[in-house]
Amino acid sequence: MRAAVVQLPSTRTLSQSRQVLRAAMRQLDRAEIYFDAVAAMELDDRESRRAIDQLRADTAALRRYLSQRRSELRE
């Protein structure tokens, strides 16, 4: 897996590309845990709440995009 991540995209095999996308999606899952932790700190600040919500929305959009790319690689 690590070898696939450090390779240039043009030199990855189809299987390695799928592995990299799956690893990226797992990293997004971990990012969401951190967003939850910050939100749980109850900063009582509208700007921080708005930023966390935006990060969550961007993370969800990126996950959907990566999932779509991974599905395309299967075809």
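Derivation of every value follows stated rules applied to the coordinates shown; laboratory data play no part. In this text the structure is predicted, and so the values were computed from the model without any measurement. Positions of Cβ are backbone-derived with ideal geometry, glycine not excepted, and every protein chain shown enters the neighbour counts.
Computed from label points 7 Å out along Cα-Cβ, the spacing between THR11 and ASP29 is 2.9 nm. Here the 3J(HN,Hα) profile of the stretch 53-69, calculated from phi with Karplus coefficients 6.51, -1.76 and 1.60 at θ = phi - 60°, is 4, 5, 4, 5, 5, 5, 5, 5, 5, 5, 4, 4, 4, 5, 4, 5, 4 Hz, Gly and Pro shown as x. Every pair of different Cα atoms in the chain enters the Kirkwood calculation, which places the hydrodynamic radius at 13.9 Å. Along the stretch 10-19 the Karplus relation, 6.51 cos²θ - 1.76 cosθ + 1.60 evaluated at θ = phi - 60°, assigns HN-Hα couplings of 6, 9, 7, 6, 4, 5, 5, 4, 5, 4 Hz to successive residues, with x for each Gly and Pro. Considering the zone a paramagnetic label at ARG56 would reach in this model (a point 7 Å from Cα along the Cα-to-Cβ line), which residues of the stretch 23-50 have amide N under 18 Å from it? Those under the cut-off are 28-50.
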